[in-house]
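The values are calculated or read from the model by the stated rules, or taken from the named source; none is laboratory data. Not measured: the values here are computed from a predicted model. All Cβ positions, glycine included, derive from the backbone under ideal geometry; neighbour counts span all protein chains shown.
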Amino acid sequence: MINAIVPWGEVHVPNGFGLSDEGLFAYDKKTKDYGYVCPPLAFVSGTSSLSDGSETYDLQYVTSRGDVVIREVRAAELTSRDIESWVGFGIGVTPTNKVPLLRFLVAQRRCIDIKVTYATVGWLNDDEFAANQLISSDPQRAGSLDSGSYDLQPKGTAHEWWKMWSGIRQNAALQLAVAVGLSSVLLRPISQAYPDLRNLLVSFIGNSSTGKTTAAMLAVSVAGNTQPFSQGSLMRSWSATPTAIPIMLDGNHGVPFVLDELSRFKGRDLTDVLYNLAEGTSRVRATKIATLRETSSWQTTIVVTGEHGLLDGTVSAQNDGLRTRVIELESVQWTSSSEEAEFIKTNCSNAYGWLITDLVKWVIFHREELLETFEAAVLMAKRLMADAPYRDRLSIKYAVLGATAVAANKCWPEIGLDAEKIMELAIQHSRRNWSTDLAGRVYMDLIDYLKANQASLLLPNSQYANTKVIGKISMVSNSMFIDLFPREFKKIVTEDLGAQSDRVVLSEFRKRGYLRNEADRQTTRITISGKRRTVVSIKIPEADQCDFTQSQRFDGEGLTKEPFSSGHIKTINDAVLQAMKVEGPVEEPDDRELDAIIDGGDEENE
């Protein structure tokens, strides 16, 4: 909407019409003269939306009180029926003048300057990027952002941002943060050749003293508003609902975005949310009339901060799908001191939004060079990751950071980003993310769990280990096995260790040789308390066997050194409970109680 009134004599009108302070006039072919139509009015400017193609115009007119005002009019209102309603706004429309008035307005809109507007941000197509102002390969094409969702209006001066950067650019971790922020611009151009590259989801993990939020603020300062809780800020909170998060990201195709403090998430399970964030679409839902709702979409870099990770099984399921969609950076000391952190926060709050425009212009005219740079970065990432199980899929994501650093150096030589060091830092600090697969991670976690809960394991010839029994310890040819009851295995793996499917884990365990199983099964059957029971028999690595207190009761042939009396059992259990720092007496159940304690799955009398 235009605020300044335009003098009537300066308004452009089509042939056959005249406009002055006296009113609007139309040429009459019969009288060969201009006849009065209505008090003066005309369109003085207009906008055309790239989002849906609709147009709106700023109509300047004289009200019945004689005031000159401007009102926004939609193109769809330029009909004989709709303009009659304008009389309610003080516009001089009558049944006799509406036809020439409408003819004038339809023709006159071609005489005004119509600016392009857009509600989405980022790449609109291969040659145009929607920032605060339109960035296009055509220098004559202009446009502006017409949305309050993202504040991309630069603040302060570029000189202030670069002055801050000159004081911190030797910090490799902060170089990584800037590369993460700028990487959002590269995703669409690169994904034209690598369609699997949708979004870059990067998790900054650490306590408050590591400077993770400061690094996230620095990352988005390259594009726009860094001030949390302000309108259009690129720093948002996890306190939003799972439904609201896709709405916040909808239409973002190249502007970095932060979800700060994972601990504020209000839901129970982030698995679906993370998949949606990584894939760039919201869940498809049906309307009440059985049609599909329009889904949200985005393609950008999303930074997540928190004191615990997205992939540790506490907020999302452990599966390989998520592992290949997230770069989780652990134990990075982003800032060297509290003074440096405060310095960055202050400067990023006062000067932001100055870099993204220049990088977009560079990318538009250097696409082939960008792809060559990216392919070289992929090879470097694969070399740094050696034979990691997810190397092929994750190397593409790490390569985006390396290619971003190279592109940034060509755009601004003074930025001084070390591409190789940035990639090495990201890969080394996310080793847990890519160095082991699902089976390896769950297996290691399961061994640790069994060590911590060994008081709940039976020994041969004993009647019980504790009031809760989850399985039994066995020794076979100097190899230790923990025989877990199937329901206990499922509970431990899915509820305590966060795996999404116990069946998938069991299948992978069998492939890796982590199980003692019968030829045609993933389980085996052993005798417990005089009955044949089906168990999941987990092989314990030799290096971990000494951590099981009860292992001392076995001799070299895998047999218990002596029969267990109730006194022996109590002594063993007291020792185990003491080692586990569990207090309280242990009650001895009888055989019926033992059967009730054991959660056994299939069983058969021996």
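Okay, here's what the table says:
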| quantity | calculated |
| --- | --- |
| Residue match in the range 446-459 (condition: of a type in the set (Val, Ile, Thr) and buried (at least 21 other Cβ atoms within 10 Å of the Cβ)) | no |
| Counted residues, the range 482-493 - those being at pLDDT 90 or above and crowded, with 21+ Cβ neighbours inside 10 Å | 7 |
| Complete set of residues in the range 110-140 that are assigned to a strand (DSSP E or B) and not hydrophobic (A, V, I, L, M, F, W, C) | Lys115, Thr117, Tyr118, Gly122, Asn125, Glu128, Gln133, Ser136 |
| Selected residue (only one of Ala381, Ala408 is closer than 23 Å to Trp162 by Cα and of a type in the set (A, V, I, L, M, F, W, C)) | Ala408 |
| Filtered residues of the range 15-35 (kept if assigned to a strand (DSSP E or B) and under 18 Å from Gly90 (Cα atoms)) | Gly23, Leu24 |
| Test for Arg81: is it touching a residue at least 12 places away in the same chain (Cβ under 8 Å), surrounded by fewer than 19 Cβ atoms within 10 Å (Cβ to Cβ), of a type in the set (Lys, Arg) and out of contact with any strand residue (DSSP E or B) (no Cβ under 6 Å at 6 or more places or on another chain) | no |
| Any hit, the range 63-73, residues being touching a helix residue (DSSP H, G or I) at 6+ places or on another chain (Cβ under 8 Å) and outside any strand (DSSP E or B) | yes |
| Of all residues making up the range 331-341, the number that are in contact with a Gly (Cβ under 8 Å, 6 or more places away or on another chain) and either outside the structural domain of Val400 (by TED's automatic domain parsing) or surrounded by fewer than 17 Cβ atoms within 10 Å (Cβ to Cβ) (or both) | 2 |
| Residue in the range 452-459 that is touching a Lys or Arg at 6+ places or on another chain (Cβ under 7 Å), aliphatic (A, V, I, L, M) and either over 29 Å from Ile528 (Cα atoms) or not in a strand (DSSP E or B) (or both) present | yes |
| Residue in the range 132-143 that is crowded, with 19+ Cβ neighbours inside 10 Å and of a type in the set (Gly, Ala, Ser) present | yes |
| Residue list for the range 516-543, filter: buried (at least 18 other Cβ atoms within 10 Å of the Cβ) and in contact with a Leu (Cβ under 7 Å, 6 or more places away or on another chain) | Ile528, Ser529, Val535, Val536, Ser537, Ile538, Lys539 |
| Unmet requirement for Ser203, which otherwise passes all of (1) closer than 14 Å to Val400 by Cβ; (2) of a type in the set (Ser, Thr, Tyr); (3) in contact with an Asp or Glu (Cβ under 7 Å, 6 or more places away or on another chain) | (1) |
| Filter result for Val400 (assigned to a helix (DSSP H, G or I), under 23 Å from the mean Cα position of the chain (by Cα) and among the aliphatic types (A, V, I, L, M)) | yes |
| Those residues of the range 91-101 which are surrounded by 17 or more Cβ atoms within 10 Å (Cβ to Cβ) and either part of a helix (DSSP H, G or I) or small (Gly, Ala, Ser) (or both), in sequence order | Gly92, Lys98, Pro100, Leu101 |
| Which numbered condition Phe25 misses (of (1) touching a helix residue (DSSP H, G or I) at 6+ places or on another chain (Cβ under 8 Å); (2) closer than 20 Å to Val6 by Cα; (3) of a type outside the set (Val, Ile, Thr)) | (1) |
| Test result for Leu152, over 18 Å from the mean Cα position of the chain (by Cα) and surrounded by 20 or more Cβ atoms within 10 Å (Cβ to Cβ) | yes |
| Total residues in the range 396-454, condition of a type in the set (A, V, I, L, M, F, W, C) and more than 30 Å from Val360 (Cβ to Cβ) | 9 |
| Hits in the range 351-366 - residues which are surrounded by 16 or more Cβ atoms within 10 Å (Cβ to Cβ) and either on the phi > 0 side of the Ramachandran plot or out of contact with any Cys (no Cβ under 7 Å at 6 or more places or on another chain) (or both) | Ala351, Tyr352, Gly353, Trp354, Leu355, Ile356, Thr357, Val360, Val363, Ile364, His366 |
| Test for Glu160: is it modelled with pLDDT under 95 and either under 30 Å from Thr305 (Cα atoms) or not in a loop (DSSP other than H, G, I, E, B) (or both) | no |
| Given (1) at pLDDT below 80; (2) part of a loop (DSSP other than H, G, I, E, B); (3) more than 43 Å from the chain's Cα centre (by Cα), number of the condition Gln550 does not satisfy | (2) |
| Matching residues, the range 497-531, being in contact (Cβ under 8 Å) with a residue 12 or more places away in the chain and assigned to a loop (DSSP other than H, G, I, E, B) | Leu497, Gly498, Gln500, Ser501, Gly513, Tyr514, Asn517, Gln522, Thr523, Ser529, Gly530 |
| Residues (in contact with an Asp or Glu (Cβ under 9 Å, 6 or more places away or on another chain), of a type in the set (Val, Ile, Thr) and free of Cβ contacts under 8 Å to residues at least 24 places away in the same chain) located in the range 1-58 | Thr56 |
| Which listed residue is charged (D, E, K, R) and in a helix (DSSP H, G or I), from Glu372, Glu328 | Glu372 |
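Residue-wise test of (1) under 28 Å from Glu372 (Cα atoms); (2) surrounded by fewer than 22 Cβ atoms within 10 Å (Cβ to Cβ).
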{"residue": "Gln192", "(1), (2)": "yes, yes"}
{"residue": "Phe204", "(1), (2)": "no, no"}
{"residue": "Thr214", "(1), (2)": "no, no"}
{"residue": "Gly224", "(1), (2)": "no, no"}
{"residue": "Gln227", "(1), (2)": "no, yes"}
